[in-house]
């Protein structure tokens with residue numbers, strides 16, 4: 001689990017650092033008991049108080065309070081009827097939206113858990129493809145069972161909701177404009193980041209729009 005100071009970064013830096021981290025939520029399932037549902041973060045968006053694309057720019061309210069709290073505070077809200085997850089960043093009113101992810105399979109979250117995620121997030125009465133379970137901010141929250149009333153204005157909790165560094169560092173990130181920002185509200189700012197290898201699973205494929213490739217320095221091997 002990452003330390004609290006992990007989030008104490010400028011939004012643009014935090015948005016990039018979050019790519020490749022694994023978000024895990026522990027739920028109680030009536031048939032399987034306590035299980036971890038996990039997703040690797042593949043797409044993020046940075047937001048600043050000082051620019052007009054952010055919720056915070058509209059002013060402080062009780063609903064937006066989390067964005068003005070300590071870095072790492074969870075800010076959840078409803079977008080098009082679904083739950084969305086953000087983390088506050090360095091500086092009041094700043095934060096990062098977790099835009100999309102990819103199902104993460106390992107010993108802690110075995111493949112058998114995918115069926116549970118599919119049952120929680122069906123499409124037209126049938127199972128959604130595994131590759132598309134987390135391809136959007138509301139789909140990710142639905143597949144992990146994250147709800148606004150449960151987590152808004154709270155922080156990560158060991159044994160319940162964690163963010164883990166499992167050693168994944170993308171070699172390339174795509175930087176582009178954010179999605180869904182109204183015209184004239186700083187919609188031109190390139191504050192969206194996507195793992196290059198997962199571009200086809202992002203909310204919208206960034207390679208079809210204006211973009212920039214950021215080459216990351218590989219993490220040195222241990223030992």
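The values are calculated or read from the model by the stated rules, or taken from the named source; none is laboratory data. Please read all numbers here as calculations on a predicted model, not as lab measurements. Positions of Cβ are generated from backbone atoms using ideal geometry, with glycine treated the same way; all protein chains shown enter the neighbour counts.
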> Which of the residues that make up the stretch 170-195 are outside any loop (DSSP other than H, G, I, E, B), within 16 Å of the chain's Cα centre (by Cα) and over 21 Å from residue 48 (Cβ atoms)?
Replying inline: 195
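Being under 17 Å from residue 101 (Cα atoms), out of contact with any strand residue (DSSP E or B) (no Cβ under 9 Å at 6 or more places or on another chain) and surrounded by 12 or more Cβ atoms within 10 Å (Cβ to Cβ) is the filter here; which residues of the stretch 119-152 pass it? Step through it out loud before you land on a result.
Keep residues of the stretch 119-152 that are under 17 Å from residue 101 (Cα atoms), which gives 120-122, 128-147.
If we keep only those that are out of contact with any strand residue (DSSP E or B) (no Cβ under 9 Å at 6 or more places or on another chain) as well, we get 121-122, 128.
Residues satisfying the conditions are 121, 128.
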>> Which of the strands (runs of 3 or more DSSP E) found entirely inside the stretch 1-116 contain at least 3 residues meeting this: closer than 18 Å to residue 166 by Cβ and under 17 Å from the mean Cα position of the chain (by Cα)?
In response: 22-29, 33-47, 95-103
>> It is to be established whether one or more residues within the stretch 43-53 are within 17 Å of residue 150 (Cα to Cα), touching a strand residue (DSSP E or B) at 6+ places or on another chain (Cβ under 9 Å) and modelled with pLDDT of 95 or more.
In response: no
> So how many residues does the stretch 134-168 have that are under 13 Å from the mean Cα position of the chain (by Cα) and either more than 29 Å from residue 205 (Cα to Cα) or in a loop (DSSP other than H, G, I, E, B) (or both)?
Replying inline: 4
> Among the numbered criteria (1) closer than 22 Å to residue 36 by Cβ; (2) at pLDDT 95 or above; (3) out of contact with any strand residue (DSSP E or B) (no Cβ under 9 Å at 6 or more places or on another chain), which single criterion is violated by residue 167?
Replying inline: (2)
> Picking from 103, 96, which residue would you name as being modelled with pLDDT of 95 or more and within 20 Å of residue 154 (Cα to Cα)?
Replying inline: 96
> If you go through the stretch 102-119 one residue at a time, do you hit one that is touching a residue at least 60 places away in the same chain (Cβ under 8 Å) and under 20 Å from residue 179 (Cα atoms)?
Replying inline: yes
> Taking into account only those residues within the stretch 80-99 that are over 19 Å from residue 10 (Cα atoms) and in contact with a helix residue (DSSP H, G or I) (Cβ under 6 Å, 6 or more places away or on another chain), which is surrounded by the most Cβ atoms within 10 Å (Cβ to Cβ)?
Replying inline: 83
> Given the conditions (1) in contact with a helix residue (DSSP H, G or I) (Cβ under 6 Å, 6 or more places away or on another chain); (2) surrounded by fewer than 20 Cβ atoms within 10 Å (Cβ to Cβ), which single one is not true for residue 65?
Replying inline: (1)
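Looking only at residues that are in a loop (DSSP other than H, G, I, E, B) and in contact with a helix residue (DSSP H, G or I) (Cβ under 8 Å, 6 or more places away or on another chain) in the stretch 196-215, which one is surrounded by the most Cβ atoms within 10 Å (Cβ to Cβ)?
Going through the stretch 196-215, the residues in a loop (DSSP other than H, G, I, E, B) turn out to be 202-205, 209-211.
Right, trim to in contact with a helix residue (DSSP H, G or I) (Cβ under 8 Å, 6 or more places away or on another chain) and you get 203, 205.
Numbers: 203: 20, 205: 13.
Applying the filter and picking the extreme gives 203.
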